[in-house]
Each structure stands twice: as structure tokens, then as C-alpha cells.
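Every number in this text was worked out from the coordinates using simple rules, so none of it is lab data. In this text, all values refer to a predicted model and were calculated from it rather than measured experimentally. Neighbour counts are summed over all protein chains in view; Cβ atoms, including those assigned to glycine, are modelled from backbone coordinates with ideal geometry.
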Amino acid sequence: MRRLLLRSLVQGPLTEPAPPADDAALAELAARVDRAARRRLGRTLAIREVDAGSCNGCELEIHALGNVLYDLERFGLRFVASPRHADVLLVTGPVTANMREALERTYQATPDPKWVVAVGDCARNGGVFAGSPACVGRVSAVLPVDLHVPGCPPSPLVLLGGLLALLEDVSTGVIMDQARRKREEP
Ligand code: SF4
């Protein structure tokens, strides 16, 4: 034990250093998301995150969207605790058998118009859990998916790019206009 303690004091932490932030890419992406959010949403989009059975790697990257570097809320995109307040369901992981009903009920509780974004390779095709008897499979086997964000896990920049694609998509833009009108109704 003493030897282990001494070694850890001499060696320091064994974690890898964080990759350098790509400030230019982030700034460009942030400006585009900001423009698209203003045009489509009038500055608000509510996101409900649903872990349908992930390893939590995707959640770590999604949480990073809220840190001081990415600061998602500056674009009017924010996470909400209830599907009843959400426009978008951000679903991670392969859908496990135990989470299937909860995912379906979350979808039913989300008011129209709504989008489903499948985040990560597991959500897209089962990923490393494909074929597991504990899993139903990809998210699109359970819910209609509007957008897939690939990666294992996708980085915050890729997630931001996915949200931007959702905002900029012409067909879903119609839905966003409906969402804005719905909000503006008395
Ligand atoms: S895509 Fe990768 S990080 Fe995300 S839940 Fe699957 S294994 Fe975990």
C-alpha cells in the first residue's frame, strides 16, 4: 500500500491529456447554429435526453455541451426534465428490453410536432451491443428517427453539427415553423 501511494505521488495522474480545443471550428459552428436557431426557432428549442441503455459515454459528451466551452444555452437550445416540455428527444444507446416501454411512453408524452435524434453508433445500429439478447436494437426499431448522429461517442462538436443539421434541414424546417407558431399561439 505504501509503495502504491509513493508511486502515485511520483507518477502523477495516468489520465490522458484533453485534446486541444479547436477554437476556430467551434466558433464557426457556433455562429452557424446561432444563425439557424434565430431564423428557425426565435431562440428556443427544448431537448429531452433519454438514455435507452447506453454505456454513458454518449452522456458524457452530451453533458459537455453545457460546459463553458460549448455553452449550448447561448443558442436557445436547452435541456428540459420532462418530455412534456420538449421539442426534441435526444436518444442514446441501443434500446434495451427494459427501456423499450419507457422510451415509447416518453415519445407519447412529447407534444407534436417533435423530432427524434439518435445519438451514437449504438443508437444508430446497436453498436457494440448489437445482437445482445438484452437489447431490442437500434432506436429506429422503436421510434421514427429524424436524424442520426454517428460516433462512439460523438464529440460535442459532432453533436453541435447534428443539431445544426436538424435546424437547417429544409423538410424539418417546416416542422420548426409549426413549432414556433404553436408557441406563439395565445
Ligand atoms: S455509441 Fe459508444 S459511447 Fe455511445 S453508448 Fe454506444 S458504446 Fe457507449
Next on the checklist: Starting from 0.36 nm per residue, how many nanometres of slack lie between residue 97 and residue 1 once their C-alpha separation is accounted for?
Outcome noted: 30.3 nm
Next on the checklist: Please compute the length gained on full extension between residue 152 and residue 63, using 0.36 nm multiplied by the number of residues separating them and subtracting their Cα-Cα distance.
Outcome noted: 30.5 nm
Checklist outcome for this item: Heads up, region 1-151 by the C-alpha gyration tensor (a ≥ b ≥ c square roots of eigenvalues; a/c under 1.5 rounded, else a/b over b/c prolate, else oblate) looks oblate
Next on the checklist: Give me the net charge for the shell around residue 123: Cβ to Cβ below 13 angstrom, other residues only, Lys and Arg +1, Asp and Glu -1.
Outcome noted: -4
Checklist outcome for this item: Phi angles of region 73-85, converted by Karplus (6.51 cos²θ - 1.76 cosθ + 1.60, θ = phi - 60°) into ³J(HN,Hα) in whole Hz with x for Gly and Pro, give 5, 5, 8, x, 9, 9, 8, 10, 7, 10, x, 5, 9
